[in-house]
Amino acid sequence: MQYHEDAPVFGGGLTETHLHPIVLVAMILAILALWVLPRRRMLSVFLCMAFLIPIGQELYLGGGHLFVLRIIILCTWIRLLWMKIISGEKIVSGGFNSLDKAFMLWAVFRASAFLIQFPSMGAVPNQVGFLLDVFGAYFLLRYLIQDVEDIRGAIRSLAWIAAILSVCMLNEKLRAQNAFGFLGGVPLVPVAREGSIRAQGAFSHAILAGCFGATLLPLFFWLWKVGNAKLLAGIGVVAATIITVTSASSTPLLVYMAVILGVCLWPIRKQMRPLRWVIVITLITLHLVMKAPVWFLINHVDLVGGNSGYHRAMLIDMFVRHFGDWWLHGTNAASTWGWDMWDLSNQFVAEGESGGLATFICFVAMISISFGMIGKARKAVEGDRQKEWFLWLFGVAMFAHVVAYFGISYYDHMQVSWFTFLAAIPAATASLAYEPVQNPEGTAANPGLAIAPSPRRERKQLASANDGIRG
């Protein structure tokens, strides 16, 4: 990504825009709500502002760019710190775990590498803003999402948000007019490719919008399963499908298909280890017998006219071949690798080029730790199908994000979506592993999620949960 000292961290270099009066009023109301509402209600307000306001909306004061999401994060943290002072309330439930540590190292390494690549005074406030955004958003979400009920509330809010976005994107697809464009920060007239309009809603790019919908699909499936929100879950599934289709991009469609595949693998969930080894051996064999490297299989994926499969394959190829250019602290010379190589349409490549090998390793570690926590928690609750199903769908959602990373690098709203999912993993794995709390009558306090374990299973659950929290 080309350096632009005034570019918002979540925005990825959007055209400068000023704050729309409607957005200003919404921001003030949201800040007031975040100051007075109880913790469980704060999450819905934050998510609505994070996903329904174009990232480019900003206040320009004294030469500084104060983006709406950044203002909301700062104001909310003022409340949290005040609550910490007067009541001693914990900001991060369960303490810092291995996922939090990997996240912190990832952010620090990436910011440090950026300052080395761009040794100028303008780079300093840019990276201060980056650290403020990523740390502020992630740990705010860690505070707001502490148990399964918080996760349920987040998914319900995301279903309504997806419904609003789907209506706007369907209108954009049919009428070639983006309703969010009237606010500024995104174009009023959408981009078309091969005669097909690529709807993007409030997002900076159609692929990001489509991936937002597709990665939410497994969470809406779970909302349907718990039984008390089938209508809203159905709305969420339909909305996610509309968002994916109207984006007219191959990557979201692949993610959608990956979700369906992941759900269909549920019956063989206990045989996933040999299946993973079969996939690894198959890829190695193909790499040895193919004329081109195995990652050029991406070139053969063509779900939407005009897609850029060859570009994505070449991007990985150049990334591997030019390891010496980026391994230490990343590189800002990727454009010299070949035509259009500045377009980092791959999150793994983007991490390496932006922050070097250390950043790349920390990013992969976040994914590995997340899968590990989900897998350990699922084994700990083995026999409780509802808990297993919930954790399995969490694993499918993580798989969906990984698939998306091979077609796009996240920025703007999708980074918030990613942070929300990461923040929910410790809450999901720890709370389910420690449940259930028994009522005096001997029944589970939350029958929709828990069953009474045997003493042996309870010891196994507690040990596995501790392992997951410690990393």
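When peptides 138-150, 179-191 are sorted by average Cβ neighbour count within 10 Å, with the highest value leading, the order is 138-150, 179-191.
For the listed peptides 409-418, 211-220, a ranking on the average number of other beta carbons within 10 Å per residue, highest first, reads 211-220, 409-418.
Computed from backbone phi, the HN-Hα couplings of region 175-183 come to 10, 6, 9, 8, 4, 6, x, 5, 7 Hz, rounded to whole numbers (Karplus: 6.51 cos²θ - 1.76 cosθ + 1.60, θ = phi - 60°; Gly and Pro given as x). Since only Val381, Ala111, Met398 are under comparison, the one whose Cα sits farthest along the positive direction of the charge dipole of the chain, derived from C-beta charges on Lys, Arg, Asp and Glu, is Val381. Enter the Cα centre distance for the pair region 25-104 and region 213-279, rounded to the nearest angstrom. Here the answer is 29 Å between Cα centres.
Projected label points at Glu149 and Phe323, each 7 Å from Cα along the beta carbon direction, are separated by 5.1 nanometres.
Relative to the current alpha-carbon distance between Leu231 and Ile78, full extension at 0.36 nm per residue lengthens the span by 51.4 nm. Legend: distances between Cα atoms for Lys84/Lys225; Lys225/Lys376; Lys225/Lys379; Lys90/Lys376; Lys101/Lys379; Lys90/Lys225; pairs beyond 27 Å are Lys84/Lys225; Lys90/Lys225.
Subtracting the Cα-Cα distance of Val191 and Ile116 from 0.36 nm times their residue separation leaves 23.5 nm of extension gain. Starting at the first residue of region 115-122, write each ³J(HN,Hα) from the Karplus equation 6.51 cos²θ - 1.76 cosθ + 1.60 with θ = phi - 60°, in whole Hz, x for Gly and Pro. For region 115-122, the Karplus-derived couplings read 5, 6, 5, 10, x, 9, 5, x Hz, x marking Gly and Pro. In region 346-377, whose amide N lies under 18 Å from the spot 7 Å out along Cα-to-Cβ of Thr336? List them in ranges. Only 353-356 fall inside the zone, counting backbone N under 18 Å. Placing a label point 7 Å from the Cα of Trp224 along the Cα-to-Cβ line, no residue of region 268-309 has its backbone N under 11 Å from it.
FRET efficiency for Gln177 and Ile281, Cβ-Cβ distance as r, R0 = 51 Å, nearest 0.05?
About 0.50, to the nearest 0.05.
Here the label points at Tyr60 and Tyr310, each 7 Å from Cα along the C-beta direction, are separated by 4.0 nm in the simple model. Placing R0 at 41 angstrom, the Cβ-Cβ distance between Ala33 and Phe371 gives a FRET efficiency of 0.70 after rounding to 0.05. Between the beta carbons of Lys101 and Ile268, assuming R0 = 41 Å, the FRET efficiency works out to 0.80 to the nearest 0.05.
Go ahead and estimate [θ] at 222 nm for the chain from helices alone: -39,500 (n - 2.57) per DSSP H run with n ≥ 4, summed, over the residue count, rounded to 500.
Roughly -21500 deg cm²/dmol at 222 nm, from the helical runs in the chain.
Farthest towards the positive end of the charge dipole of the chain, among the residues Val349, Ile151, Phe130, is the Cα of Ile151, using unit charges on the Cβ of Lys, Arg, Asp and Glu.
Quick note: the coordinates plus some simple rules give every number you see, no bench work behind them. Keep in mind that what you see is a predicted model, and the values were worked out from it rather than measured. Cβ sites come from the backbone with ideal geometry, for glycine too, and all protein chains shown count toward neighbours.
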